[in-house]
Every structure is written in C-alpha cells, then in structure tokens.
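The values are calculated or read from the model by the stated rules, or taken from the named source; none is laboratory data. Since this is a predicted model, take the numbers as computed values, not measurements. Neighbour counts are summed over all protein chains in view; Cβ atoms, including those assigned to glycine, are modelled from backbone coordinates with ideal geometry. SASA here: full protein model, heavy atoms, side chains in, ligands and nucleic acids out. Shrake-Rupley method; radii C 1.70, N 1.55, O 1.52, S 1.80 Å.
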Amino acid sequence: MPTTSSRRAAVTSPAATAPATSPAKRDRTHYLYIAVIAAVLLGIAVGFAAPDFAKELKPLGTGFVNLIKMMISPIIFCTIVLGVGSVRKAAKVGKVGGLALVYFVAMSFVALAIGLVVGNLVHPGSGMHLTEAVKGVGHAQAQTASEGPVDFVLGIIPKTLVSAFTEGQVLQTLLVALLVGFALQAMGRRGEPILRGVEHIQRLVFRILAMIMWAAPVGAFGAMAAVVGETGMDALKALATIMVGFYVTCLLFVIVVLGALTRLVAKVNIFQLLKYLAREFLLILSTSSSESALPRLIAKMEHLGVSRPVVGITVPTGYSFNLDGTMIYLTMASLFIADAMDQPLSIGQQITLLLFMMIASKGAAGVTGAGLATLAGALQSHKPALVDGVGLIVGIDRFMSEARALTNFAGNAVATVLIGTWTREIDADRVRRVLAGELPFDETTLLDDPEQTGTGTEVPEQRGDGEKEHSAALA
C-alpha cells in the first residue's frame, strides 16, 4: 500500500548503528504526565481552598499555552513544505485537500444533527431564570466574535510572507507553506537542498517543543486552579443538566459515529487510537485548548503511518474546518438559551440558525472562549433576542470547552486516518504495529530519528512514486 511519512524516506545515517537508547531514558517522559495529573488535582484543591489566590495563577496556564502556540506555525510550515515539496504530482495534494473539505462539511452536518436530536429530547434550559446582571454578558462576548465569512476568507491571506508566522494564524501559515511546497515542486532537483534544510529546521523545532512540554505541569496547575477559583461549584450545580448532556453527547459521537467510521473504513479500533493519543488528551484536558496538542498530533499521525502530505494538509485545515465538538456545543447551547428565555425555536428556526452558525464557526480556533464568542456573535447576527441568554452558560463554558476541545481533537485524528485510507496514503501494517505498542513514539524528539532512537534499522515500508523519487534524490 503506498506511502507513509516521507521523513522516514531519508537515508539512514551511519549513526543509526549507535547503541540503543536505554528504556529508562525513554520512560522518563512517563513521569512528566504523572506530574501533569498531580498538578491538575493540586490545582483543583487550591481552587477550592483559596479561590482568590487561585485566580492569580491564571497566567501560568496562559503562558504555557502561548509557548505551545509559538511552535505551531513553524511546525505546520515545515511539515507541509516537506510533504508537498517531496511529492512530484501537485494533483495529489489537491485531491487530499478536496476530500478533506468534503469530509469536514459532512461531519459538521452529522454533529449538528446529533446536537439537535439530544437538545430537543433533553430540553436543558427549562426552569432557568434570566437576571439583569446576566443580560450584558452575551453582548460583550459578541463583540469578540469574528465579523463574518467574507472577512474570514480574506483573513487567510497574510499581509506579508513573514507575517503568517509572526501573527500565529494557522490558515495563513498553511497557505504560505502550500505555496512554498508547490514552488519547490516546480524547482525539481534544484529545490532538494532547500528541502534538506527545512528538514533540519523541523528537527530543531520539534526538539524545542519536547523541551517546552516539561513545563506542562506548571501550566496545568495554573489553568485548573484559576478556573476552579473563578467558578466554584455553584455554576456546576445550577447547570449540571446541560453539562452532563453535552459530555454524554460528545462521548457518544466519538465512540459511535467516529468509532464506526474508523472500523469500517480503516479497520482501526477507536479505543486503540484514543489510547495512542492519551497524553494529548490529558494535555488538552489540563489546558482546555486543543491547539496545545496540535504539534504533537502532527508528529503522532506521521509516526502512526499516515503520509506527510495527508497529515500536513488534514490536521491544520481540520483545526479550522473540522470542529465536531464545537458544532454539538453550538447546537445544544442555542437550544438551552432559547428554552431558558421562554423563546423556544421551531424546527425550521433551529435548522436555519445552526446552518448559519456552521458557517460562522469556521476558523474558530480550539482556544478557551472561542466557542462562546462564536455562539454570541452568531446569535446576535441571526436572532438578537437570544444574545441576552449567553450569560447563563458563561460560568460553565470553561468546563464545556474541555469537552468540545477533546471532541475536536478526536475528530481531527480520525479524519487524518480516514483520509489517509481513502487516498491510499497510509501504511496499514505500521498502523497495526504502532497501536499494538510494537513501535513506540519517541517522546524525546517527537520524530522518528534513527540517530535518536538508536534502533539501527528502519521500518520496512512501501512509498509512493513522489517519495521514492525524493528518497533517491537525497541518496
């Protein structure tokens, strides 16, 4: 079956015969994630014991997420340039991108439909009371929402070639990387030294990311302490119905819908895939941001056996267009607010409102608060009378953000596997071996580097024509 990640197509270095890295050294990263769990529990305890002090710890979580976001643009750029630049046929990249967008739109409709069904069955907003203090919150959130689909499309174009990196816009970086990749395709053999240079830069940025990850316990402690200190238990008790309903809906969506797709299309067990990404889920849970795990998802999907072009295009694009958790959130939150304000929506109104939201939400990043701002902005544009009710869920939005970020992340991981399977850009045997634990992910470099892993051998694989040409040229 054609192609796996092109970075494994590089010539084996003589250093690959170095002694194997000791298991104890690789296992040190386990202590990191044990520390993250301990930090989350400690943050919850501090939040309840000293709420005022806990609120002051919020910059710790914000700082850690910003460190991760700092690395997203260079990682996306290197991954896409290497993937696209090493593929000789540009139509192959277009096929992956087109298929990805069709899949994203289809899954958005599925997520909206599930949210509609659950929301109409549960009626989570019944019995809530709107106060004057709550009314202004929704309007304040709407001010931070995006201006509309046209502005979103124009926003994909960066002001300069370099500003895509300095402004931290994922889709801008994606556009620039695709242009550079296609330009290197057109350059042929003359572009190969540049590709090798980008590959070295990629190793550098992933090494920096591995270093940053050791600050995860500090970030998790600050983020969790702050949200517990600000929220406490009052909002949780009052709004438990929508929270529980939302979490259960997201869980069913991942296990039933995504699980069925991975089993039928890719012959992959969804529970094995989720276990493989367990550390990324823990990172998202502690920071409430799916962006904090984006670089690691790229590295892990390549290690899993999906080709670099598929990973490089599907993952960054999915972070803006494949927001399954956000779709479910917008649906249930809208119905919750309508019921709470005694302005129930007819089925026709629900469908038109949510289709509008699906368009408005594209480009909403997986960052804390983005879903709330999208909800407020869409309600203000489509049904202003409901904006006053957004304040009802502000208290628990941080906890609902956890579920939608986790669901968005799972959806993008599954999408990468599915699109890799449909385009025959995945090594099924490697997928089986990785998920079985036979080929562990190298946490020290986040890359399959023979010099670091010291295996002395490379995994047998078949590659597509473009990768074979690139590998031969490098030789």
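Tabulated data for the structure shown
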| item | result |
| --- | --- |
| Probe 1.4 Å, all protein chains present, accessible-area order of Y247, Y31, largest first | Y31, Y247 |
| Hz values of 3J(HN,Hα) by residue in region 175-184 - Karplus curve (6.51, -1.76, 1.60), Gly and Pro given as x | 4, 4, 5, 5, 4, 5, x, 5, 5, 5 |
| Solvent exposure ordering (accessible area, 1.4 Å, most first) of L112, L252 | L252, L112 |
| Packing-based order for 408-416, 262-270, 305-313, using average beta carbon neighbours within 10 Å, highest first | 305-313, 408-416, 262-270 |
| Probe 1.4 Å, accessible area per residue of region 46-89, Å² | 42 |
